[in-house]
Amino acid sequence: MSPRRSADPVVGERIRARRLLRGWSVRFAASRAGVSHATWSRIERGLQAADNRFMLADIAGALECAPSDLAGTGVPAPDRATAAAHAAVLGLRRALIDIDLTEPPAGDAPPVAELGRTVALADTLHAACDYAGAARLLPDLLRDLHTETAGPDHPEALRLLCDATHIASSVLRSLGHPSDAWLAAERCRDAADAADDPLLRGYAAYALAGAAIACGSYQRGQTLAERAAGDLGRHLGRPGGPEVLGQLHLTAALASRCRRRLDDSRDWLTEAATLARRTGETNTMGLFFGPTNVDIWRMSIEVDDGDPALVVEIARRTDPAAIPAGVRQVFYYADTARALTRIGGQDREAIRFLLVAERIAPQHVRTSVELAEAIRVLLERSRRQAGGTELRALSERMQVN
């Protein structure tokens, strides 16, 4: 059994303030979140941490606010790259609104071949978790691709638009803008439908399901992933079919976990692992589907109220370097750190994993609600013990008090 985690009293105070603002009792608010009133009360009083994505998301949903409003990570980190990534969100949102395929595009655009190279660059930046760089490229790229969908190379333009909007959805989700991520995923679906390509429809459904889950619409995410998996089953002979299907299985596993159906989640993970043994390590469509990615998803699912010891066990046997992308490696290090924090007694190793995660993907780490709460737990423990210089420096970079 994991020891009870230390808590940040400020988070509890924010929760209590928002509850009282609505005039709700603890029992009523807890019933809206689907947690026991005793748990809610302990969190408010700073006796228990709300340090997993599901608990914090459920409480935020009950209080009709964002998790970052409770965790206190709404202010961008002070480094320029992270601030630039957040500043680019408005421009990206406007571009997504503009590229409605039911409306005729305006203006000229570079040749499709040149746009393809720009999509590849945006994908490279996203894979490296350079959200600021990707977000700067995407608005003009999206508008140019929209223009080219009305030209003679429209089939290739639609495929590239699918890729670009998929990247945009992931970037926006990582920066904590899930509703904008949903809009980007809808544009991805529009392009896939216009291309009349079942593989691209599955690819778009993966983005839609992920955005729905990030918005807290777990049942919607589950339905999207399961329905798309069923539709894609008839096209597994196509290149990329097994990889997209595997990602849909992983998304269904996450949605099941969010709905507190851990056994169902593990069944979906088993299905994904079976496919991964067949495909091996891949980089088809930038999904990085394969045995290593399945293990990293399993770690992310188990770390929150699952089995943190299993997370550490998986980490010991997994080589994250098998996936040459920071956007996946960062979850390996971050979730291992969170699992070690939950277990207790291994704080030095947890801090080491956090620092590696930050080195790989600083923009990702410094905008993560879950990591901010884990750092608060570690920081509180370090104050009761000697040391913690590196941890305090990391907490300052993330503006965690």
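For this structure, a couple of remarks:
- Carbon + sulfur, % of accessible area of the chain - ligands and nucleic acids excluded, 1.4 Å: 50
- Pairwise Cα inverse-distance average, inverted: Kirkwood Rh of the stretch 292-401 (Å): 13.8
- Sequentially through the stretch 214-229, phi angles give Karplus couplings (6.51, -1.76, 1.60; θ = phi - 60°) of 4, 7, x, 8, 5, 5, 4, x, 4, 4, 4, 5, 5, 5, 5, 4 Hz, Gly and Pro residues having no value and appearing as x.
- Degrees separating the helix 53-63 axis from the principal Cα axis of the chain, which is the longest one: 90
- Calculated P(r) tail over 27 Å for the stretch 54-192, as whole % of Cα pairs: 24
- In degrees, nearest ten, helix 308-317 long axis to first principal axis of the chain (Cα): 50
- Average accessible area per residue (Å²) across the chain - probe 1.4 Å, nucleic acids and ligands excluded: 42
- Computed from the Cα positions only, the extents of the stretch 17-61 along the three principal axes stand at 26, 20, 17 Å, in decreasing order.
- Residues whose amide H lies under 5 Å from that of residue 65, counting only those 5 or more places away or on a different chain, are absent; hydrogens are built 1.01 Å from N in the peptide plane.
- Crossing angle, helix 241-258 versus the chain [Cα axis fit, 0-90 degrees, rounded to tens]: 30
- Relative contact order [Cα under 8 Å, 6+ residues apart], the stretch 118-217, whole percent: 24
- Using the Cα coordinates of the stretch 210-282, the gyration tensor eigenvalues translate into equivalent-ellipsoid semi-axes of 21, 14, 9 Å, sorted from longest to shortest.
- Largest-first principal axis extents, alpha carbons of the chain, Å: 66, 42, 42
- Unit charges at the beta carbon, dipole of the chain: most positive-side option, 268, 297, 354: 354
- For the stretch 22-38, putting each phi into the Karplus relation 6.51 cos²θ - 1.76 cosθ + 1.60 with θ = phi - 60° gives couplings of 8, x, 9, 6, 4, 4, 5, 4, 5, 5, 5, 8, x, 10, 6, 5, 5 Hz, in residue order, rounded to whole numbers and with x for Gly and Pro.
- Karplus-derived 3J(HN,Hα) values for the stretch 130-139, using 6.51 cos²θ - 1.76 cosθ + 1.60 with θ = phi - 60°, are 8, 5, 5, x, 5, 5, 6, 6, 5, x Hz; glycine and proline are entered as x.
The values are calculated or read from the model by the stated rules, or taken from the named source; none is laboratory data. This is a predicted model, so every value here is computed, not measured. Methodologically, a virtual Cβ is constructed for each residue, glycine included, from the backbone with ideal geometry; neighbour enumeration extends over all protein chains shown. We work out accessible area using only protein heavy atoms, side chains counted, and drop any ligands, DNA or RNA first. Shrake-Rupley method; radii C 1.70, N 1.55, O 1.52, S 1.80 Å.
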